[in-house]
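Report on the following structure.
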C-alpha cells in the first residue's frame, strides 16, 4: 500500500469490512476497490485545504460504518448455490443406490458388493467437496499442467492400469477401482477451458492466428483422440469432443473449429491404420453392424422386452429380477424400469432430463467467460451421457458403453462426482463479475 493505504486507521477499516465478507477470495478486490474510493475522497478533501490525517479521517467517516458496509458487500458477493440442482443430483444418487441394491439381489454371493459401492460413494463425496471449492483462478493459471495430467492418465492406463471386463483402463487405488477416462476428460476440459480463455491477438497477423489454431487443434483435439485410441477407450472420445466443442464455440474460436473439423478425417484414417481391429470393432459397436450386430440386437431386444413387461409397479427386487434382463451399467435404466415399474421410469427419465437441462441453463448464466465455458462443457458431458442412455432404452442408438451419470455407483462415479462438484461450484458463483474470477489469474 502507498499513500492513504499506509494509515493504520484505513488498514483497520479495510480489515473490519472484509471480516464481514465470507467470500475470502474477494477480499483483495474489495480492499482495492474501497482503497480507491478512499484515495479519491482524501484527494478531494486535501484539495479543499485539509491536512493528510484529517482528510483520511473524514474520508473514512463518509464511507460509512465498516460493519454496515461489510454486511452489504457480503450480500452482494456471497455465493449462491443452486439447491434445486443439488437436490436433483441427490435424487439421482439415491436412484443409483436402488440399482446397486438390485445387483445385490441378483448376485447374493457378492456379499461385499454394496459395501464396495458405498465406499466409492463416500470417496466421491470427498472429491465432490474438494472440486466444489476449487479456485477457478488457480485452475486457469495451471491449465497447461492440468491438461497434461489428463493426457498422462490416458497414456499410462494401458500399462499401469488394471483390467476390468477385458479393458485395461482402470486404476487400482487400494479398495477403489477408478475408471481413467472420467478424470482424464475432466482434467483435459479444465485445461482446454483455461487455455482457450486467453484472448487471441491479431498483432502478428492472420497467418500467425491460423498457425496458432492449427497448433491448438493438434494439441487439444488430435492428441486426446490418439490417446483415447491408444488406451482402447474410443467410445469416450465423443464425451470429450462434446465438451471441447462447447468451449471452442463459447470462446468464439472459429478458426480452431474449422481446423478441428478438417482434422477429423486424419484421426479416422490414423485409427484405421494403427488400430485396425479395434477401430472396426468400435465402428461395428457404433453402427450395430458386423459381428457386433447380433450381440447388440440381442441385448437391446431383451432390454426392450424387460421394459414392456415391467408394468406400472415393476417386478420388484425381493425375488431377484429375471436372469435374462441385462444388468450392465449401459442397461441400468431398463433394469430399474423392469424392477420398479413404468411410473418410476417416467419419474427417473424426467428427472434426468431436468437435471441435464438445468445444468446447461445454469452454466450459461455464469458471467465469467472462462467459468461459463468450463461449466457448459461439463454440462454437455452429462447431457450426452443422459440422452444416449435414454435413447438406448428404446433401441434408437447402439450400445457403446455409456451409462447414466451418477447412477452407476461404480468405477466411473469418482470422475462424475468430481465433474458435478466443479460444475456446482462454478454455478454458485454465476453472478460474480469476471474480475472476481480472474483478478488473481494473471
Relative packing of 261-269, 248-256, which averages over residues the other C-beta atoms within 10 Å, highest first: 248-256, 261-269
Tilt relative to the chain, helix 290-308 - C-alpha long axis, 0 to 90 degrees, to 10: 80 degrees
Computed E for residue 40/residue 312 - FRET, C-beta separation, R0 56 angstrom, nearest 0.05: 0.20
Label point 7 Å beyond Cα of residue 133 along Cβ direction - residues of the stretch 73-88 with amide nitrogen under 16 Å: 79-81
Extension gain (nm, one decimal) between residue 76 and residue 262, 0.36 nm per residue minus Cα-Cα: 62.4 nm
Gaussian network model of the chain, Cα within-10 Å springs - most flexible of 364, 413, 35: 35
R0 of 41 Å, Cβ-Cβ distance residue 90-residue 50: FRET efficiency to nearest 0.05: 0.10
Fluctuation leader among 108, 398, 135 - the chain, Gaussian network, Cα springs under 10 angstrom: 108
Of 29, 48, 179, the one that fluctuates the most in a GNM where the chain has Cα springs shorter than 10 Å: 48
Between helix 276-287 and the chain: long-axis angle, C-alpha atoms, 0 to 90°, nearest 10: 90 degrees
Per-pair calculated FRET efficiency, R0 = 22 Å: residue 115 and residue 164 via Cβ, rounded to 0.05: 0.75
Rounded tilt (10° steps) of 52-63 against the dominant C-alpha axis of the chain: 50 degrees
Potential lengthening between residue 269 and residue 304 on full extension [0.36 nm per residue; Cα-Cα distance subtracted]: 9.0 nm
Global geometry of the stretch 149-273, whether rounded, prolate or oblate, following the gyration tensor of its Cα atoms and the 1.5 cut on a/c: prolate
Stretch gain in nm, segment residue 172-residue 58, where the contour uses 0.36 nm per residue and the Cα spacing is subtracted: 34.6 nm
Shape metrics for the chain, restricted to C-alpha atoms - Rg then Dmax, Å: 26.4, 92
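Here, each number is a calculation from the coordinates, and none is a lab measurement. The structure presented is a predicted model; accordingly, all values stated were derived computationally and were not measured. Note that we place each Cβ from the backbone using ideal geometry, even for glycine, and neighbour counts take in every protein chain shown.
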